[in-house]
Amino acid sequence: MRVQEEQEAREQMPDTLTAKGRAPAKDGLSTKNRPTAKNSPATKDGLTAKGRATRARIVEGAAEVLRERGVGFTTLDDIRDRTATSKSQLFHYFPDGKDELLLAVAQFEADRVLEDQQPHLGRLDSWESWHLWRDTLVERYERQGDHCPLGSLFLQVGRSRPGARAIVTELLRQWQEQLARGIRALQSNGLTSPTLDPDRAAAALLAGIQGGVTMMMSTGDSTHLRAALDVGIENLGTTGSGDGGGRA
């Protein structure tokens, strides 16, 4: 049975992540109409706790390989070797093939962007905490260098695809929301003006961060990212009644 499963899965899923198609299933059903664990009434996502853990392990392992080798040089066999899974397992957890797997990894990388800024991003209630967050963010992107795993994945999948666009939109929404929450905390502590619009200020700061990261990836220099963060934080402080957002 295992040999038969491997043979069927080999025909149903491409060997490389850069392949554009997949042969139709042997039973004549498209992957769109094929019954899968996704639409099982057993649980919300159709997976048991063990199944969710296995899927998460595959996604995390795939993310590691893609970071090391890049999307264009990674095959499904590379991911299988890293995660110790069969092709039939990959097809079970990602029935739509490579694009579904890549989108899952993109979501993992998007979540990592916010996780890497913690705990400081969630505690922006003092100037010290803002500067700790600033240093953590700069260090993160300097460590990442000119390779953006999330950007590479969207380049392969297609940034305009609804799934990809939703991941980016939600990432930026959560990021801006946490910055705005931090600005409100400063207002509550009397450290910045109560008339400041937290959402607008957070949007401007986030735009500066994104621009700084883009320039850093092009030049290998974090100067613009540092400037965007420093000026953004200083501008918050100049309207407050506290000691300001500049460093001592």
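The values are calculated or read from the model by the stated rules, or taken from the named source; none is laboratory data. Every value quoted in this text rests on a predicted model; they were computed, and no experiment measured them. All Cβ positions, glycine included, derive from the backbone under ideal geometry; neighbour counts span all protein chains shown. Ligands, DNA and RNA are excluded from the accessible area calculation, which covers all protein heavy atoms including side chains. Shrake-Rupley method; radii C 1.70, N 1.55, O 1.52, S 1.80 Å.
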Original post:
Of the residues Arg184, Arg134, Arg143, which is modelled with pLDDT under 95 and either surrounded by fewer than 20 Cβ atoms within 10 Å (Cβ to Cβ) or in a helix (DSSP H, G or I) (or both)?
Top reply: Arg143
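Which count do you get for residues in the stretch 63-78 that are buried (at least 17 other Cβ atoms within 10 Å of the Cβ) and either of a type in the set (Ser, Thr, Tyr) or free of Cβ contacts under 8 Å to residues at least 40 places away in the same chain (or both)?
Looking only at that region, the number is 3.
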Original post:
Quick one: what pairs do we get from the stretch 91-112, first residue basic (Lys, Arg), second open to solvent by less than 20 Å² (accessible area, probe 1.4 Å) and not in a helix (DSSP H, G or I), C-beta under 8 Å, 6+ apart or different chains?
Top reply: Lys98/Met13; Lys98/Pro14; Lys98/Leu17
Subject >> Scan of the stretch 96-112 for residues that are open to solvent by 10 Å² or more (accessible area, probe 1.4 Å) and either of a type outside the set (S, T, N, Q) or in a loop (DSSP other than H, G, I, E, B) (or both), ordered by number >> reply: Asp96, Lys98, Asp99, Glu100, Leu103, Ala104, Phe108, Asp111, Arg112
**OP:** Six or more apart or on different chains, Cβ under 9 Å: which pairs go from a residue in the stretch 143-155 that's farther than 14 Å from Arg69 by Cα to one that's modelled with pLDDT under 80? Could you list them?
**Re:** Gly151/Arg159; Phe154/Arg161
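For residues that are part of a helix (DSSP H, G or I), open to solvent by less than 60 Å² (accessible area, probe 1.4 Å) and touching a residue at least 24 places away in the same chain (Cβ under 8 Å), tally how many sit in the stretch 215-233. Break it down stepwise before answering.
Of the residues in the stretch 215-233, the ones part of a helix (DSSP H, G or I) are 215-219, 223-233.
Now narrow it down to the ones that are open to solvent by less than 60 Å² (accessible area, probe 1.4 Å): 216, 225, 227-230, 232-233.
Going one step further and asking which of them are touching a residue at least 24 places away in the same chain (Cβ under 8 Å), we end up with 216, 225, 229-230, 232-233.
Qualifying residue count for the region: 6.
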